[in-house]
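Have a look at the structure below before the remarks.
The values are calculated or read from the model by the stated rules, or taken from the named source; none is laboratory data. What you see is a predicted model; the values in this text were computed from it and never measured. A quick note on method: Cβ atoms are made from the backbone with ideal geometry, for glycine too, and the neighbour counts reach across all protein chains shown.
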Protein chains: 2
Amino acid sequence: LTSGTTRYRVDLAYDGTDFSGWQIQPDARTVQGTLEEVLTRLAGGTQIRVAGAGRTDAGAHARGQVAAWSMEIALEDGDLEHALRRMLPEDVRPRSVRPVSARFDPQRNAISKTYRYRLDRSRAGSPFLARYALHHPHELDRAAVVEALRRLPGRRDWTGFAGAACDVGDRVRNLVEARMDEAPEENVAWFTFTADGFLNHMVRNLVGTLLEIGRGRFTPDRIDRVLSSGDRGLAGPTAPAKGLFLWQVEYPDEIGSAGDGDRFRA
Amino acid sequence: LTSGTTRYRVDLAYDGTDFSGWQIQPDARTVQGTLEEVLTRLAGGTQIRVAGAGRTDAGAHARGQVAAWSMEIALEDGDLEHALRRMLPEDVRPRSVRPVSARFDPQRNAISKTYRYRLDRSRAGSPFLARYALHHPHELDRAAVVEALRRLPGRRDWTGFAGAACDVGDRVRNLVEARMDEAPEENVAWFTFTADGFLNHMVRNLVGTLLEIGRGRFTPDRIDRVLSSGDRGLAGPTAPAKGLFLWQVEYPDEIGSAGDGDRFRA
């Protein structure tokens, strides 16, 4: 039995379609708000505040969001996970819940995050991916996209790929991987990006730019021009949120990964 | 340019969540009704009637439904496919459209049909499968289920697995395959059934019975008892429609498969 204040970590998957993003806002359905409401009820009315590893945009999804909170609760840990499974709506699902160090901060302790972006490459658009991918039946010049992806990794100032709402001062992030994978048997392509942090809209602006390169509207060296100028006007349009997944958050070994949590197909 | 009356075949995928099934009904959104409405508009108001290979239940999906109709239209075939892609809603998608023999009947010409049923085996239920699978985190005794599946194939009277609404006289069908496949990395299991025809609710009643066997509530020989008695009361409950997919319809070689149509992930 747990008693006194315990800090908990939850690994979450959510379908972002019907949420106004992760971050709590008045009069909007958000993932953070939904989680805080359920936890506050479980805590008998004491307001619980939840910290998340990454803020996801309205309409964007998560396969591996990580969140944490502290609460006083007299419940076996398995019962807390069970209660969350029962009380959360079917579009926000806890993959695992467990007690962690009182100092665990899901955002600051993260080593890196991985976002993935899905394209539906079928001609007509799969009815099963309408909410979970960008339908992009257009030309995709593989060699040009691969050449553009090759230019991305490194510790760089990403100002040219940041959204207008990005209000952080330091726009330097270390992008450690950028790649494209294709699953032709299901007409799907994925972009995958891993970095120690991402700016607002950065993945969606990278994808929008890569798609312009894939259609031959920009050449691959457009990447270097956006990076060196910091000029958002040189990048492509912001790709729609519905193709975007916060895929996983990586922590040091002593904190650990989701491990024995549920595996979900995205 | 096509002119005079031409018969067309469309291979369709649909998300059945927001449809009252395939078959047209007054005052209900159905797949057949949606398709007829679009085709009637394309035909300039002449009412078009569509024949389908199989009637799917409300909430059930299709990856490979086949439908046909005859119309007088002066459109290149590629333009007809393009018009259907543009005019059909995003939950009904044409995988391919092509002219066929004037005598093509998608139901009577079918050699067999394959239905698949998906289980979400994760503890919490994937948010991305909430509309497309039955969440079944319960025990599933693999050996018992495999033993039960082994008892199914053959030319049999399936009365005991037919729904109350089944109004056909001859309930003999030849089931050529019944199997279970698991994808543990995504916590998913599939049942697959191929037969020369299926009775109303037959797949959902088979799945409901197999799940009872998997939980140890029935032994595998329950299959034989339901078959020999024809007593629906001995079978398990009807599994929910949302896990069911009309997967594909098989035709003789001279009619052909969807072939070069879109491949969609289900």
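A few remarks follow.
- Residue in the stretch A:98-107 that is surrounded by fewer than 17 Cβ atoms within 10 Å (Cβ to Cβ), under 19 Å from residue A:61 (Cβ atoms) and at pLDDT below 95 present: no
- The residue list B:152, B:129, B:140, B:119 contains one member that is away from every other protein chain (no Cβ under 14 Å), surrounded by 15 or more Cβ atoms within 10 Å (Cβ to Cβ), out of contact with any helix residue (DSSP H, G or I) (no Cβ under 6 Å at 6 or more places or on another chain) and not in a helix (DSSP H, G or I), which is B:152.
- Complete set of residues in the stretch A:226-242 that are out of contact with any Phe, Trp or Tyr (no Cβ under 9 Å at 6 or more places or on another chain), in a loop (DSSP other than H, G, I, E, B) and either modelled with pLDDT under 95 or not β-branched (Val, Ile, Thr) (or both): A:231, A:237, A:240
- When A:105, A:91, A:77 are checked against the criterion of being charged (D, E, K, R) and facing chain B (nearest Cβ under 10 Å), a single residue qualifies: A:91.
- Which listed residue is among the hydrophobic types (A, V, I, L, M, F, W, C) and surrounded by fewer than 16 Cβ atoms within 10 Å (Cβ to Cβ), from A:28, A:68: A:28
- Pair list, Cβ under 8 Å, 6 or more apart: the stretch A:10-32 residue at positive phi, other residue surrounded by 15 or more Cβ atoms within 10 Å (Cβ to Cβ): A:21/A:30; A:21/A:31; A:21/A:55; A:21/A:56; A:21/A:57; A:21/A:58; A:21/A:59; A:21/A:60
- Residues that are more than 24 Å from the chain's Cα centre (by Cα) and within 23 Å of residue B:133 (Cβ to Cβ), drawn from the stretch B:212-245: B:215, B:216, B:217, B:218
- Hits in the stretch B:155-175 (condition: in a loop (DSSP other than H, G, I, E, B) and of a type in the set (A, V, I, L, M)): B:162, B:164, B:165, B:168
- Residue in the stretch A:15-24 that is closer than 19 Å to residue A:264 by Cα, within 14 Å of chain B (Cβ to nearest Cβ) and not charged (D, E, K, R) present: yes
- Residues in the stretch A:252-266 that are more than 14 Å from chain B (Cβ to nearest Cβ) and more than 20 Å from residue A:155 (Cβ to Cβ): A:253, A:254, A:255, A:256, A:257.
- For the stretch B:31-60, taking the residues that are in contact with a Ser or Thr (Cβ under 8 Å, 6 or more places away or on another chain) and within 23 Å of residue B:245 (Cβ to Cβ), the one that is surrounded by the most Cβ atoms within 10 Å (Cβ to Cβ) is identified as B:31.
Matching residues to (1) in contact with a Lys or Arg (Cβ under 8 Å, 6 or more places away or on another chain); (2) within 14 Å of chain B (Cβ to nearest Cβ); (3) of a type outside the set (Gly, Ala, Ser):
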| residue | (1), (2), (3) |
| --- | --- |
| A:162 | yes, no, no |
| A:170 | no, no, yes |
| A:185 | yes, yes, yes |
| A:188 | yes, yes, yes |
| A:196 | yes, no, yes |
| A:199 | yes, no, yes |
| A:224 | yes, no, yes |
| A:243 | yes, yes, no |
| A:250 | yes, no, yes |
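- Qualifying residue in the stretch A:182-191 (condition: at negative phi, assigned to a helix (DSSP H, G or I) and among the acidic types (Asp, Glu)): yes
- Every condition in (1) of a type outside the set (Lys, Arg); (2) over 12 Å from residue B:115 (Cβ atoms); (3) at pLDDT 95 or above holds for residue B:245 except the one numbered (2).
- Meets criteria (on the phi < 0 side of the Ramachandran plot, modelled with pLDDT of 95 or more, hydroxyl-bearing (Ser, Thr, Tyr) and out of contact with any helix residue (DSSP H, G or I) (no Cβ under 8 Å at 6 or more places or on another chain)) for residue B:70: yes
- Just one of the listed residues (B:222, B:155) is without any contact (Cβ under 8 Å) to a residue 24 or more places away in the chain and either on the phi < 0 side of the Ramachandran plot or not charged (D, E, K, R) (or both), and it is B:155.
- Any hit, the stretch A:199-211, residues being surrounded by fewer than 21 Cβ atoms within 10 Å (Cβ to Cβ) and among the basic types (Lys, Arg): no
- Residue within the stretch B:232-241 that is over 29 Å from residue B:10 (Cα atoms), surrounded by 17 or more Cβ atoms within 10 Å (Cβ to Cβ) and among the polar types (S, T, N, Q) present: yes
- One residue from B:124, B:183 being crowded, with 22+ Cβ neighbours inside 10 Å, hydrophobic (A, V, I, L, M, F, W, C), farther than 19 Å from residue B:237 by Cα and without any contact (Cβ under 8 Å) to a residue 40 or more places away in the chain: B:124
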